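Below is one structure; the comments refer to it alone.
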Amino acid sequence: MAKAKVKTGISFEKSSKLYSRAVDLMPGGVSSPVRSFKSVGLAPVFVQSGHGAYLKDVDGNRYIDYVMSYGPLILGHAHPALRAALAKQLGKGTSFGCCSPLEIELAEMITHAFASIEMVRFVNSGTEAAMSAIRLARGATGREIIIKMAGGYHGHVDAMLVSAGSGATTHGVPSSPGILRSSAQSTVVVPFNDISALQAAFDAHSGAIAAVMMEPIMGNIGVVLPEQDYLRKVRDLCRSAGALLIFDEVMTGFRVSFSGAQGLYGVMPDITCLGKIIGGGLPVGAYGGSRKLMNQISPAGPVYQAGTLSGNPLAMAAGLATLQALDPESPYAPLALMGKRLEEGLIAAADNAGVPVAVARAGSMLTLFFLPRHADAGATISNYADALTCDTAAYACFFTSMLEQGVMLPPSQFEAWFISAAHTMDDIEDTITKAGTALNRCAKLMARKNTAAVA
Ligand code: HOZ
């Protein structure tokens, strides 16, 4: 029977049994790799239910949840407005393969919130949104090359699964078997926050760059913020090279502000990819841009893209219910306050335990990076290469201790934590106290390990 590789202080018996069934039936026992808990050396926890800020697993353990389904649940789990909207739609049918009025309402909300989006196409996931945005950029410009950021994640689109480990080389190397070298060869990788590298890529491929595809705030190597003016300079370079700028705001859209990272930084892309929050936790994605660009999409234009379940009425209803509960102020101001307190509390707890860390945060999404042991004071993470220096063993220890204390964090150093409107300052204080315990425990463990290694 499959067992958790690291023993923890609370019982995961039922999860463990489910996992042993799951591994026989699904690759790695999961439907998406990160939830396997592999990178923290544990077997996955199976969730029974989620309410508000809390998750309950099948063994009855309760957690303050900071995974929040990797971002969509800005209102928390099972929000009453969302449940009511879904119940209402369920009674009317689950999929029509025809147009429904909910699509228009959600499209109106999105185009009102995002100044750069005049028209939108709904799809079923962030991956689909990214894939389709790339096709649109290539179709509209008649060019092939896409520049991406090292460590940038745009779903499992072939051309974007190019290893940052390839050292930001001119031509990409596929980072997964099964990807044609030819699809990766049209991808150029540059480091985030490095405008000279981007300029050099434009110079090297003059007239051939269709688009720069980027998360304006990186979120899939942990949260990494753009440096002052970086996004504006990227925008300017794209414009002068005749290339499109695609912002992947699947994570940041309606999360870091009502109008996403582009609203926060005042930099407008040509195409925006959305997902997560716009589906309120149901499978959804969307891409949008100017009327001129979006009218290139079939059936208005020649760039083909389709989907039987696109604009699915349940997903539209969940997205609408979620967006209707948001406005430019609320809940962003209280979320940011909780984020700030959590950030400060984590840093103080780490200082106290003598563990070198950095916290990167945009409103209610953040990452606690475990820096290498001899990191300079004040060190930060500004790109993929920096992120890769982090102490993943220390993160695994921290994750395990937090889990044992009833706090669910993302099971990887390279993911973001999410705070929802259902969290309270009490949850945040509780988390900080538990983080203090976890950091002290892990500091001792790591020190013992290091002493043993030296001896
Ligand atoms: N980094 C992913 C979300 N942007 C994690 C979710 C997943 O792959 O399952």
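What the table below lists for this structure:
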quantity	calculated
Cysteines not pairable in the chain (beta carbon separation under 4.7 Å absent)	C98, C99, C238, C273, C390
Accessible carbon and sulfur surface of the chain relative to its total accessible area, %, 1.4 Å	55
Theoretical gain in end-to-end length, R83 to C99 [0.36 nm per residue, Cα-Cα removed]	3.5 nm
Listed pairs K17/K56; K17/K444; K340/K449; K14/K449; K233/K276; K148/K233 exceeding 25 Å between Cα atoms	K17/K444; K340/K449; K14/K449; K233/K276
Neighbourhood net charge (15 Å Cβ-Cβ; Lys/Arg +1, Asp/Glu -1) for I246	+1
R0 of 35 Å, Cβ-Cβ distance R291-T380: FRET efficiency to nearest 0.05	0.30
Net charge contributed by nearby residues that have their C-beta within less than 11 Å of A321 (K/R +1, D/E -1)	+1
Over the chain: helical MRE at 222 nm, DSSP H runs n ≥ 4 each giving -39500 (n - 2.57), nearest 500	-12000 deg cm²/dmol
Cut-off 13 Å between beta-carbons: net charge of the residues surrounding S186, Lys and Arg +1, Asp and Glu -1	+3
Alpha-carbon gyration tensor eigenvalues x 5, square-rooted, for the stretch 227-371, Å	33, 21, 13
Three-way shape label, the stretch 38-132, alpha-carbon gyration tensor, a/c 1.5	prolate
Positive-end residue, the stretch 256-396 charge dipole about Cα centroid, Cβ charges, pick of G281, G339, G311	G311
Å² of accessible area per residue within the chain, as computed with a 1.4 Å probe and no ligands counted	42
Scaled radius of gyration (Cα, divided by 2.2 N^0.38 Å) that the chain gives	0.97
For the stretch 126-256, alpha-carbon Rg over 2.2 N^0.38 Å	0.95
Where only alpha carbons of the stretch 237-316 are counted, the Rg and the Dmax (Å)	13.9, 42
Cross-link reach list, aspartates and glutamates versus K38, counting only Cα pairs under 15 Å and skipping chain neighbours closer than eight places	E415
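The values are calculated or read from the model by the stated rules, or taken from the named source; none is laboratory data. Bear in mind that the values here come from a model prediction, so they are computed numbers and not experimental data. Every residue, glycine among them, receives a Cβ derived from its backbone with ideal geometry; neighbour counts consider all protein chains shown. Accessible surface is based on the protein model in full, side chains and every heavy atom, while ligands, DNA and RNA are left aside. Shrake-Rupley method; radii C 1.70, N 1.55, O 1.52, S 1.80 Å.
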